[in-house]
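The structure under discussion appears below in the form of structure tokens.
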């Protein structure tokens with residue numbers, strides 16, 4: 001039947017009837033193009049996707065892996081803010097994780113399920129209860145890895161366990177290293193906002209906007225989004241809480257070990273551009289177009305001799321000032337915050353430079369580190385015996401690495417926010433490995449990143465360790481706290497040890513020690529954290 005015959009047949013009827021007939025005519029082939037399937041399908045703003053059905057114990061789930069949330073950041077889009085996805089026709093299969101972002105193999109504990117590595121990596125993954133149609137709470141999780149490594153496909157971030165508890169769970173890939181955190185004067189010049197750097201964090205904002213636009217189609221409530229992350233992911237959460245670009249895109253926040261606060265403070269844009277210029281000079285490339293034309297693998301390999309994590313900068317767009325300044329003014333997102341750090345974020349050998357933990361060696365190490373402030377440091381981190389040296393130097397190493405930044409975030413948020421703050425101290429060491437190396441012993445404390453499997457209910461996915469009943473009990477408690485907080489903004493719930501919000505008590509601040517035997521204690525570390533705060537202020541590069 002032609003378009004003309006449809007109009008003629010409408011003849012004596014209304015013009016609206018003709019329009020309706022045409023709509024029905026042209027709708028038929030579209031409906032026929034999408035054949036029925038036994039697998040879950042969802043219509044997004046950009047097109048149809050099809051995932052897979054998957055159980056989580058007795059709870060039926062649906063998984064969608066490798067959903068694009070932004071255009072591939074390649075070619076002219078390298079070092080550009082994320083751009084919208086190009087819509088697709090038909091049904092896009094999202095049953096496999098998208099490629100991980102460009103990165104070197106830096107960390108042995110990262111177990112990827114991604115399909116290779118590519119600069120085209122802006123994908124996210126969703127786990128949801130099957131047939132969920134109500135307004136379920138949502139978790140958006142950002143991985144750790146120093147902004148130079150990590151991936152949303154890692155087993156320890158798997159979202160099935162939390163989805164089985166009625167939470168729509170999302171993991172997000174974001175650009176890393178030189179691809180995500182790089183600045184040049186030419187990049188700032190071409191930006192309408194005169195900003196450069198922080199592309200990986202802009203990716204996270206784009207993902208949150210995608211969640212706001214699409215998560216209701218998965219049964220999630222866009223008004224009940226919790227952002228969370230560990231290490232670099234936690235640092236990102238602290239930055240998102242202060243960025244104007246992410247305001248209103250989340251209702252709660254979780255930080256596991258890390259904040260964008262000294263000694264992990266952001267650089268100035270000028271300093272970031274200086275570093276970028278030196279990197280380009282080392283490559284022998286003198287123009288932005290030539291840098292964008294370089295193969296991704298060549299850029300990646302050129303970063304091999306760079307030490308440390310990638311840097312965030314005060315770019316004037318994502319960040320207009322350091323987060324600590326924003327928080328001190330009370331201008332951060334006023335949302336409930338759950339955060340904490342672990343009992344062994346660092347190890348005493350880092351302070352002693354692998355020398356024996358004698359009081360003499362310890363005192364010499366503090367003199368080298370703190371100069372004329374060594375005696376004050378020794379009073380706060382005493383070392384009168386080898387056992388005390390091991391304890392104090394381990395605490396100092398952890399504070400220097402990442403525990404101090406986390407404590408400062410807690411303190412700033414508690415003092416300058418109307419929303420409650422829940423502070424934890426994770427103290428459950430991992431058990432012995434199933435197949436330890438000769439002479440290898442378990443860690444005596446909870447190492448950096450060691451809480452992830454416990455918090456997300458993923459002990460079973462890590463087959464390296466011989467998990468015990470105590471570990472499973474700790475995981476049930478910590479995941480229970482996380483689930484309750486994601487649902488309500490308060491970690492307390494039936495069967496869980498009571499966890500009070502931060503408040504002053506008996507000369508300190510209340511925090512929750514999470515381990516095989518979980519309970520509330522008083523954190524008495526304010527004096528040593530104040531000492532370190534002053535030390536970092538006088539030894540950090542000014543913006």
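Descriptive notes on the structure:
- Selection status of residue 476, without any contact (Cβ under 8 Å) to a residue 40 or more places away in the chain and in a loop (DSSP other than H, G, I, E, B): no
- For the range 504-518, the set of residues classified as in contact with a strand residue (DSSP E or B) (Cβ under 9 Å, 6 or more places away or on another chain) and touching a residue at least 40 places away in the same chain (Cβ under 8 Å) consists of 509, 510, 511, 512, 513, 514, 515, 518, listed by residue number.
- If the condition is being crowded, with 20+ Cβ neighbours inside 10 Å and in a loop (DSSP other than H, G, I, E, B), then the range 85-114 contributes 94, 97, 98, 99, 101, 102, 103, 110, 114.
- For the residues 357, 382, the requirement of being surrounded by fewer than 20 Cβ atoms within 10 Å (Cβ to Cβ) and not in a helix (DSSP H, G or I) singles out 382.
- For the range 430-468, a residue qualifies if it is buried (at least 18 other Cβ atoms within 10 Å of the Cβ) and in a loop (DSSP other than H, G, I, E, B), and the qualifying residues are 430, 445, 446, 448, 449, 450, 451, 456, 457, 458, 467.
- Taking each residue of the range 439-456 that is at positive phi and looking for partners that are in a loop (DSSP other than H, G, I, E, B) and buried (at least 21 other Cβ atoms within 10 Å of the Cβ) with beta-carbon atoms closer than 7 Å, six or more apart or interchain, yields 449/144; 449/231.
- From the list 81, 60, 72, 55, the lone residue that is closer than 19 Å to residue 219 by Cα and either without any contact (Cβ under 8 Å) to a residue 24 or more places away in the chain or in a loop (DSSP other than H, G, I, E, B) (or both) is 55.
- From the options 340, 371, residue that is assigned to a helix (DSSP H, G or I) and either under 21 Å from residue 445 (Cβ atoms) or without any contact (Cβ under 8 Å) to a residue 12 or more places away in the chain (or both): 371
- Listed conditions (1) at negative phi; (2) in contact with a helix residue (DSSP H, G or I) (Cβ under 9 Å, 6 or more places away or on another chain) are all met by residue 159, apart from (2).
- Filter result (without any contact (Cβ under 8 Å) to a residue 60 or more places away in the chain and within 26 Å of the chain's Cα centre (by Cα)) within the range 489-499: 492, 493, 496
- Against the list (1) more than 27 Å from residue 243 (Cα to Cα); (2) free of Cβ contacts under 8 Å to residues at least 24 places away in the same chain, the condition residue 134 fails is (2).
- Residue tally, condition without any contact (Cβ under 8 Å) to a residue 40 or more places away in the chain and either in contact with a strand residue (DSSP E or B) (Cβ under 8 Å, 6 or more places away or on another chain) or part of a strand (DSSP E or B) (or both), over the range 183-222: 1
- Within the range 307-323, being more than 20 Å from residue 175 (Cα to Cα) and surrounded by fewer than 19 Cβ atoms within 10 Å (Cβ to Cβ) holds for 320, 321.
- Breaking point among (1) modelled with pLDDT under 95; (2) touching a helix residue (DSSP H, G or I) at 6+ places or on another chain (Cβ under 8 Å); (3) not in a strand (DSSP E or B), for residue 27: (2)
- Any hit, the range 344-351, residues being surrounded by 14 or more Cβ atoms within 10 Å (Cβ to Cβ), under 30 Å from residue 226 (Cα atoms), in contact with a strand residue (DSSP E or B) (Cβ under 6 Å, 6 or more places away or on another chain) and not assigned by TED's automatic domain parsing to the domain that holds residue 174: yes
- Qualifying residue in the range 283-298 (condition: surrounded by 11 or more Cβ atoms within 10 Å (Cβ to Cβ) and under 25 Å from the mean Cα position of the chain (by Cα)): yes
The values are calculated or read from the model by the stated rules, or taken from the named source; none is laboratory data. Here the structure is a predicted model, which means the values were calculated and not measured. Note that we place each Cβ from the backbone using ideal geometry, even for glycine, and neighbour counts take in every protein chain shown.
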